[in-house]
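One structure is given below, encoded as structure tokens.
FYI, it's all coordinate maths here, none of it is from the lab. On a predicted model such as this, the values are computed, not experimentally measured, just so you know. Neighbour counts are summed over all protein chains in view; Cβ atoms, including those assigned to glycine, are modelled from backbone coordinates with ideal geometry.
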Amino acid sequence: MKKPRADLLLFPVVLLMGVLFGTLQVAALPGVPMHGRYHASDMDDLQQQLLGISVMPKPYAAASDHPAWHALCGMYQTTSKAFGLTGMRLWNLVTPLLLGLNLCLFMGLARRLRFDRRQALVLTAVLLSTGATVTWSVVLETHVLALTSLLLAALLITDPRLASRLWRRPTPGAIGSYGVAVALAASITITNIMLAILAVIPLRLLRDWNPVRLAARTLHRLPTLVTAILVGIGILSLVHLTGWYFFKDRDMRQFLEVLNERRLIQGMKGSWWDSVLCLSWIAPPMDAYRGDLSKLEMLALERNWITAPAYLSGLLTLVLTTCSLRVIPARRAFIPAFVLFGVLLHSIYGLGESFLFASNYTWASVLAIGCLAREVTPRWFVSIGTVVAVTLFVVNVLIWKHGIDWIIRNDYLLPG
């Protein structure tokens, strides 16, 4: 099916919007923030891996659960050398383009969910304005790339032709395409495989609460899911083999380190309440974290009136996303379900650092709440969305600018 000409004209505008904003962000950040000085992220460790200085992640780093990260690092170093770009220069050139690409993928997904052009454009503006995008879109952090992989996976899974072939009479081509979606979803952060798994579960049966039919339908689809996961694992293995080729890690330890991620849980601070931070549309201040990394204590966000907007925006997003399950089409219900999975996951893992993973779930929460708003207030959709986008943009840019000034003032920067 051909795209309408008006859509084809909108995509370059959205791409340019992302590139311009990303370029301004890169220009405002004079270096790479040290570990734990940018919402408890692993900046310095990931920079060393990207530049080939250090292959293995440090004991506190979360980079070990990124199956494609070594391959990306190897390709980065090879490309930098080919174009004569040293250090982080290539990253600073590519990340604004990546932001523009993510916005285009998001708008394409919104159009597939049958939002009209103005609605899709407003939702894209809301995504651009959220704390996750303003904070993470141009920062050295592999969870930024997770947004690209998740959007690509969601676009594949929501293809009507694939869904029809996959669940009625699965063909090798349909299972292969679904396997690619599995690999894309899990390529950067392995727990994101749940996006593809949730697409298998007949979530419409949850609305009528028929556990017997739900179990029966899910078991019927299980062979298809298992086959697709095996295809996805095969693809990820080839990708990781590419990373091994670049780094010659004989034991392939980085890939296997994911099995030892539980070692970090005992050092984490915070409680299940902090899990709502992974859904926050308003970013928490960067100078409001506590913890001692030298003792391998994971950082946690302080609870006071300054951090209240982040907590409240996460809670409101959780409530509205849950409500959207009543109105979103059954074959698209995996999108809000993935958001709810994020809260459950970070009730155990991540805790006070949950905002580090916000870009994984924000796109899905924006679409889910957009579906709810379209059903409840269709006439005011564009007006409300515009007000939300402008308000979020001003608030999050101010918080981000305050954080960058704090980082620079305290000299928490590495050479860029």
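A few remarks follow.
- One decimal place: the segment residue 305-residue 118 gains 63.8 nm when fully extended, by the rule 0.36 nm per residue minus the C-alpha distance.
- Note on residue 390 and residue 169: the extension gain reaches 74.9 nm, defined as 0.36 nm multiplied by sequence separation minus the Cα-Cα distance.
- Taking amide H atoms as placed 1.01 Å from N in the peptide plane, the amide H of residue 286 lies under 5 Å from those of 403, each 5 or more residues away in sequence or on another chain.
- FRET efficiency, 1/(1 + (r/R0)^6) with R0 35 Å, evaluated for residue 315 and residue 380 via beta carbons: 0.90
- Under 5 Å between amide hydrogens, built in the peptide plane, is the criterion, and for residue 32 it picks out 414, 416 among residues at least 5 positions away or on other chains.
- Sorting 304-312, 153-161 by average packing, meaning the other beta carbons within 10 Å per residue, from highest down gives 153-161, 304-312.
- Computed from backbone phi, the HN-Hα couplings of the stretch 397-409 come to 5, 5, 5, 5, 5, 4, x, 5, 4, 5, 4, 5, 4 Hz, rounded to whole numbers (Karplus: 6.51 cos²θ - 1.76 cosθ + 1.60, θ = phi - 60°; Gly and Pro given as x).
- Using θ = phi - 60° in the Karplus curve 6.51 cos²θ - 1.76 cosθ + 1.60, the 3J(HN,Hα) couplings for the stretch 35-49 round to 4, x, 9, 9, 6, 6, 9, 9, 3, 5, 5, 5, 5, 4, 5 Hz; x is entered for Gly and Pro.
- Backbone HN-Hα couplings from phi across the stretch 336-348 [Karplus 6.51/-1.76/1.60, Hz, Gly and Pro as x]: x, 4, 5, 5, 5, 4, x, 5, 4, 4, 7, 6, 10
- Across q = 0.15, 0.21 Å⁻¹, the stretch 280-360 modelled as identical point scatterers on its alpha-carbon atoms has Debye log10 I(q)/I(0) values of -0.60, -1.00, in the order of the q list.
- The distance between label points at residue 409 and residue 216 comes to 6.5 nm (points 7 Å beyond Cα on the Cα→Cβ vector).
- Computed extension gain for residue 28 through residue 330, at 0.36 nm per residue and net of the alpha carbon distance, reaches 104.4 nm.
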